[in-house]
1. Run down the lysines and flag those whose C-alpha is under 20 Å from the C-alpha of LYS6, throwing out any fewer than 8 positions away in its chain.
2. Between TRP189 and GLU69, take the C-beta separation as r, use R0 = 51 Å, and let me know the FRET efficiency to the nearest 0.05.
3. Applying a 10 Å radius around every beta-carbon, put 169-182, 208-221 in order of their mean neighbour count, most first.
4. Can you give me the angle between helix 156-165 and the longest principal axis of the chain, using Cα atoms only, in degrees from 0 to 90, rounded to the nearest 10?
5. In sequence order, what are the phi-derived ³J(HN,Hα) couplings for the stretch 296-309 according to the Karplus relation 6.51 cos²θ - 1.76 cosθ + 1.60 with θ = phi - 60°, rounded to whole Hz, with x for glycine and proline?
6. Averaged per residue, what accessible area in Å² does the chain show with a 1.4 Å probe, protein chains only?
7. With the chain treated as a Gaussian network of Cα nodes joined by springs under 10 Å, which of GLU254, GLU165, GLU243 yields the largest mean-square fluctuation?
8. Determine by what factor the alpha-carbon radius of gyration of the chain differs from 2.2 N^0.38 Å, reporting the quotient.
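The values are calculated or read from the model by the stated rules, or taken from the named source; none is laboratory data. The model shown is predicted, which means the values in this text are computed figures rather than measured ones. For neighbour counting, all protein chains shown are included, and Cβ atoms are generated from backbone atoms with ideal geometry for every residue, glycine included. Note: areas computed on protein heavy atoms with side chains; ligands, DNA, RNA excluded. Shrake-Rupley method; radii C 1.70, N 1.55, O 1.52, S 1.80 Å.
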Amino acid sequence: MEKERKTVLLALAWHLEKLTQGIADYARAHNWHLLIHRGGELREILRRWRGNGIISSFWNAYTDSATEEVLAARSWDATRMVSLVPIRNPRIPCRVVREDDYAIGTLAAEYFLGTGHRNYAVYSDSVRMTGFRDRLRRSGFACCDLSPYRAAEREEAELLGWLRELPKPCAVFCENDWDAAELLNTAFWGKIAVPDELAILGVGNDELVCMAASVSLSSVDSRLYELGQLAAAELDKLIDGTEAPEGALFLKPEPLVVERRSTDFYAVENPELIRMIEYFRNHACEPFSVAEAARRFHTSESALYKLFVRNLKISPKQFVQEQRLRNACSYLKMEHAWSMEEVARQAGFPTPCAMFSIFQKRFGTSPGNWRKNSQSTINL
């Protein structure tokens, strides 16, 4: 006898292609009947809903009093829900599954600190801003802020005025890729140079948004596809009778920022350091020693070390290692699956063992597991 299909409603307040794809792929693999809310009156759909589960981002800030009345007017004992936003007093048995916003903000701050910036701003007023500010504060920096949630009522001149008043060069962290694109466009019309005056970083790694403008946007990959898969898997457990644990389930972002043109700038004034940075970035795949690097740039090893630590907060060796990790991640994500020996050689590691050790220490996992998990965190 065929097992009864689970019927699930996907009701999102915003469309994110990767997130939706992750949920849809899970639904297909597990024989769900998935209904996607495409707009209109959510309360009318909820009034008639008789399915097993709901994945939603509408609750609290997005539901009106009429929708709340619909929720209160009927029993939800047969339905379970996963919410992608914080939720107070849910009327439906619920599990909250979210991006780790504090970790996203922390990662953004660490990334900008590593590029030598001294001036910071944040276009956000969420937990992401808190993570960004807290990490900067621990390194002795503060930041300006402006909320993107008044954008609809704000004149473009007000946003442009804020950008012009920021001390330059300035590193600006945005709530998401759409807000980063808004800043990028405002800077474009206001003739503010990106990334030389403003280095702009978004969140979500939506390639359609990030690659649309003439200056491509760097972004924190918050792993939206994996978030969709994780949300669907958690809903599956709830429908099968598992009790929802206390607290939210947070998904960590990818540990390396996806670098594009909008942040391709090191805020350092020393021309010799700029030459060193460019050389190390372009030759990270070659053998490296601090002694040889010091000889190449006619300086001492201690002077080279102090120059990097004073300006970028990392040693020359750590800088090269970070470039090699970026190389390795790019190769591991390629459709053509290279062997670990090939990845290590092309990325600049002396041996696969060295790559494994550094990878494990930096990311908490092996290169092989990272390659697997970069495609999906759930076994379909």
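1. Result set, ordered by chain and number: LYS237.
2. Values: r = 45 Å, r/R0 = 0.87.
The calculated FRET efficiency here is 0.70.
3. Working: 169-182: 24.4, 208-221: 18.8.
The packing order, highest mean first, is 169-182, 208-221.
4. Its long axis makes an angle of about 30 degrees.
5. 4, 9, 6, 9, 8, 4, 5, 5, 4, 4, 4, 4, 6, 5
6. Result: 50 Å² of accessible area for each residue.
7. Highest fluctuation of the listed residues: GLU165.
8. Scaled against compact globular proteins, the figure is 1.11.
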